[in-house]
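K.L.:
Input: one structure, supplied below.
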Amino acid sequence: MSAAAPGTSKAAHSEVGPKKKKGPGALATAYLVIYNVVMTAGWLVIAVGLVRAYLARGSYHGLYYSIEKPLKFFQTGAILEILHCAVGIVPSSVVLTGFQVMSRVFLTWAVTHSVREVQSEDSVLLFVTAWTITEIIRYSFYTFSLLNHLPYLIKWARYTFFIVLYPMGVTGELLTIYAALPYVQKTGLYSVTLPNKYNFSFDYYTFLILVMISYIPLFPQLYFHMIRQRKKVLGHIEDYSKVE
Amino acid sequence: VYHHTSSIFPLNYPGSSGVEILDAKTKDKLCFLDKVEPNATIGEIKSMFHKSHPQWYPARQSIRLDPKGKSLKDEDVLQHLPVGTTATFYFRDLGAQISWVTVFLTEYTGPLVIYLMFYFRVPFIYAPKYDFTTSKHWVVHLACMCHSFHYVKRLLETLFVHRFSHGTMPLRNIFKNCTYYWGFAAWMAYYINHPLYTPPSKYTCTYVFIDTTQCAIFFCQIGNFSIHVALRNLRPPGSKTRKIPYPTKNPFTWIFLLVSCPNYTYELGSWLGFTLMTQCLPVAFFTLVGFIQMTVWAKGKHRSYLKEFRDYPPLRSPILPFIL
């Protein structure tokens, strides 16, 4: 999904009033700052790549190819965030972060990369744009938070842009999966049929449909969670710096 | 709702205490019980509290001394607790509860019935021409017997062998547990009883192989049962005492020398045998997931044994001898 829920658990821990929290050590903080700066830069590269390709071609069709490699690289790199939670230098839930990251990685590799025919679809541009803007804001938010100098603008953007970007990304993702369905069914991509010696079968086509259906319960929950976070975080204007 | 009998008389009525119960989160006074005997137990206090708040039956009450502290046990006696003449307790609602026995019976009956539905090829599962037929492979019949025996054993153990420390668990657990057991049972049964099921190849796996796995399964089932009986015998009926389990005359319990939770060890053995016998990947997944969960439980149990008993045998591992 396109909204970045991992960070929301961080913000969920920010409450009014002083709280004694054992943050990551100095080395971990330095590493995290570097990580978040690199990711911010990476997604900026993707953003710039999209804009340049659009200006060069004069249309917004087929822009995926111009940013395919950095998209794969930086989106896959986000898997490190699961490790950060597992090791404890980031106070988010491993399961929640894992779910978020893997769903992005799934869309990048198991749908867009694997089914060539959808790469020219406009829905791909829809979610890539949503992801790009979201991630630039999110990673700069983390960077500034770690440095204890969080401009209100970034915080505001993080908790406001999602209102449009999240549904936009979800729409792009769903349309892309839907576009991939006929090709998956035709070629039997990633599917295993009986009989075989493992006595196992898997129908990727059905699996993709189930994935699409799972958006129905999951998307509203995550969306309204972010809205609640927004009320909590932006409701306290005086609470600037100690937001993780 | 705040109940308070008019009190012209002092609270320190000789021989009894006042007990007030506050909400752990809001600190609201929920109830005041006067004339509580000093030798009253928490269980009795819970019953009294239930009378004034009928929606909170005792099983869903968590009574503690501190809003964020541990729950007091039902057996704890009022006068042995660090409270003054008026005891202040904090209450947390544990949510709707369901008894362990009910959960176990439901979650184990499902796989038994579901597997048999696939075995007998009830309509709408496989292609219509296979309805109510049975597989021609001997191993499929054997697998059905093993699977059914296993769950019948579990049901009987729930009714006659197990002694539960906690009477109840949160209601939502029954949905979680049943989804797990019933879901996996359906997934395994679908493939094993499928018309296109591929039995162990007669070039690599012979009848000797199938018989060996069958014996291993049966061995582990008896082992698991022996452990359950040994654990039951550690605890007299109605009590909640905890003792270190030791090997008994039954050779199947000698594994206690090396392992804290041999019931899980045997369970793993049974399912490994079943996996090898059926050569079915979903069974392997089920075994793996079960192994991970049982290892987590075994480690927790092992840790609490070590914490509770200073003379706990040092040679023992939680679930796998010397390894895990």
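The values are calculated or read from the model by the stated rules, or taken from the named source; none is laboratory data. As the structure is a prediction and not an experimental result, all values here were calculated from the model. Reconstructed Cβ throughout: ideal geometry from the backbone, glycine too, with neighbour counts over all protein chains shown.
K.L.:
Does A:L150 satisfy being modelled with pLDDT under 95 and more than 14 Å from chain B (Cβ to nearest Cβ)?
P.N.:
yes
K.L.:
Quick check: is even one residue across segment A:23-39 crowded, with 18+ Cβ neighbours inside 10 Å, at pLDDT 90 or above, of a type in the set (A, V, I, L, M) and closer than 30 Å to A:M212 by Cα?
P.N.:
Within segment A:23-39 (the criterion being crowded, with 18+ Cβ neighbours inside 10 Å, at pLDDT 90 or above, of a type in the set (A, V, I, L, M) and closer than 30 Å to A:M212 by Cα), the answer is yes, since at least one residue qualifies.
K.L.:
Continuing with this model, one more query. I need the full set of residues from segment B:159-171 which are at pLDDT 90 or above and either more than 12 Å from B:S99 (Cα to Cα) or touching a Leu at 6+ places or on another chain (Cβ under 6 Å) (or both), in order please.
P.N.:
Those that are at pLDDT 90 or above and either more than 12 Å from B:S99 (Cα to Cα) or touching a Leu at 6+ places or on another chain (Cβ under 6 Å) (or both): B:L159, B:F160.
K.L.:
Something else now. Could you list, in sequence order, the residues of segment B:99-116 that are part of a helix (DSSP H, G or I), touching a strand residue (DSSP E or B) at 6+ places or on another chain (Cβ under 8 Å) and hydroxyl-bearing (S, T, Y)?
P.N.:
none
K.L.:
Right, here's the next one. Being closer than 23 Å to B:Q214 by Cα and over 16 Å from the mean Cα position of the chain (by Cα) narrows it down to one of B:T248, B:T241, B:T253, so name that one.
P.N.:
The match here is B:T253.
K.L.:
Further question: Report the residue count in segment B:199-236 for those that are surrounded by 17 or more Cβ atoms within 10 Å (Cβ to Cβ), within 11 Å of another protein chain (Cβ to nearest Cβ) and among the hydroxyl-bearing types (S, T, Y).
P.N.:
0
K.L.:
For segment A:200-219: of the residues being free of Cβ contacts under 8 Å to residues at least 60 places away in the same chain and in contact with a Leu (Cβ under 7 Å, 6 or more places away or on another chain), which is farthest from A:L189 (Cα to Cα)?
P.N.:
Among residues in segment A:200-219 that are free of Cβ contacts under 8 Å to residues at least 60 places away in the same chain and in contact with a Leu (Cβ under 7 Å, 6 or more places away or on another chain), the one farthest from A:L189 (Cα to Cα) is A:M212.
K.L.:
Can I ask one more? From the list A:T97, A:T108, A:T132, pick out the single residue that is at pLDDT below 95 and β-branched (V, I, T).
P.N.:
Among A:T97, A:T108, A:T132, only A:T97 is at pLDDT below 95 and β-branched (V, I, T).
K.L.:
Could you list, in sequence order, the residues of segment B:78-98 that are out of contact with any Leu (no Cβ under 9 Å at 6 or more places or on another chain), surrounded by 15 or more Cβ atoms within 10 Å (Cβ to Cβ) and part of a strand (DSSP E or B)?
P.N.:
Within segment B:78-98, just B:R92 meets the criteria.
K.L.:
Next question, about the same structure. Pairs needed: first member in segment B:307-319, farther than 25 Å from B:F291 by Cα; second member anywhere, part of a loop (DSSP other than H, G, I, E, B); C-beta distance under 6 Å; at least 6 residues apart or different chains.
P.N.:
B:F309/B:I244
K.L.:
Starting from residues that are surrounded by 18 or more Cβ atoms within 10 Å (Cβ to Cβ) and either among the aliphatic types (A, V, I, L, M) or closer than 19 Å to B:A59 by Cβ (or both), keep the ones in segment B:143-196 and report whichever is nearest to the other protein chains (Cβ to nearest Cβ).
P.N.:
Per the stated criteria, the residue is B:I192.
K.L.:
Please enumerate the residues belonging to segment A:164-190 that are closer than 24 Å to A:V48 by Cα, of a type in the set (A, V, I, L, M, F, W, C) and in contact (Cβ under 8 Å) with a residue 12 or more places away in the chain.
P.N.:
Across segment A:164-190, the qualifying residues are A:L165, A:M168, A:V170.
K.L.:
Quick one: which helices (runs of 4 or more DSSP H) lie wholly within segment A:45-132 and hold at least 3 residues that are of a type in the set (V, I, T) and under 16 Å from the mean Cα position of the chain (by Cα)?
P.N.:
Of the helices (runs of 4 or more DSSP H) lying wholly inside segment A:45-132, those with at least 3 residues that are of a type in the set (V, I, T) and under 16 Å from the mean Cα position of the chain (by Cα) span A:94-105.
K.L.:
Given (1) under 21 Å from the mean Cα position of the chain (by Cα); (2) within 14 Å of chain B (Cβ to nearest Cβ), where does A:A179 come up short, assuming only one miss?
P.N.:
Of (1) under 21 Å from the mean Cα position of the chain (by Cα); (2) within 14 Å of chain B (Cβ to nearest Cβ), only one is false for A:A179: (2).
K.L.:
Which residue is surrounded by the fewest Cβ atoms within 10 Å (Cβ to Cβ), if the candidates are limited to segment B:274-324 and must be within 14 Å of chain A (Cβ to nearest Cβ) and part of a loop (DSSP other than H, G, I, E, B)?
P.N.:
It comes out as B:Q279.
K.L.:
Right, here's the next one. Return only the number of the condition from (1) within 14 Å of chain B (Cβ to nearest Cβ); (2) buried (at least 19 other Cβ atoms within 10 Å of the Cβ) that A:P195 does not satisfy.
P.N.:
Failing condition for A:P195: (2).
K.L.:
If you don't mind, there's one more thing I want to ask. Does any residue of segment B:57-71 turn out to be under 28 Å from B:K176 (Cα atoms), touching a residue at least 60 places away in the same chain (Cβ under 8 Å) and touching a Cys at 6+ places or on another chain (Cβ under 7 Å)?
P.N.:
Scanning segment B:57-71 turns up no residue that is under 28 Å from B:K176 (Cα atoms), touching a residue at least 60 places away in the same chain (Cβ under 8 Å) and touching a Cys at 6+ places or on another chain (Cβ under 7 Å).
K.L.:
Could we say that B:K153 is basic (K, R) and either at positive phi or free of Cβ contacts under 8 Å to residues at least 24 places away in the same chain (or both) here?
P.N.:
Spelling it out, it is not the case that B:K153 is basic (K, R) and either at positive phi or free of Cβ contacts under 8 Å to residues at least 24 places away in the same chain (or both).
K.L.:
Considering (1) surrounded by 13 or more Cβ atoms within 10 Å (Cβ to Cβ); (2) closer than 19 Å to A:W109 by Cα; (3) more than 14 Å from chain B (Cβ to nearest Cβ), say which one A:M168 fails and leave the rest.
P.N.:
(2)
K.L.:
Check whether at least one residue in segment A:151-174 is closer than 30 Å to B:A127 by Cβ and out of contact with any strand residue (DSSP E or B) (no Cβ under 7 Å at 6 or more places or on another chain), and report yes or no.
P.N.:
no
K.L.:
With B:V122, B:V113 as the choices, which residue is among the hydrophobic types (A, V, I, L, M, F, W, C), in contact with a Phe, Trp or Tyr (Cβ under 8 Å, 6 or more places away or on another chain) and without any contact (Cβ under 8 Å) to a residue 24 or more places away in the chain?
P.N.:
Testing whether each residue is among the hydrophobic types (A, V, I, L, M, F, W, C), in contact with a Phe, Trp or Tyr (Cβ under 8 Å, 6 or more places away or on another chain) and without any contact (Cβ under 8 Å) to a residue 24 or more places away in the chain leaves just B:V122.
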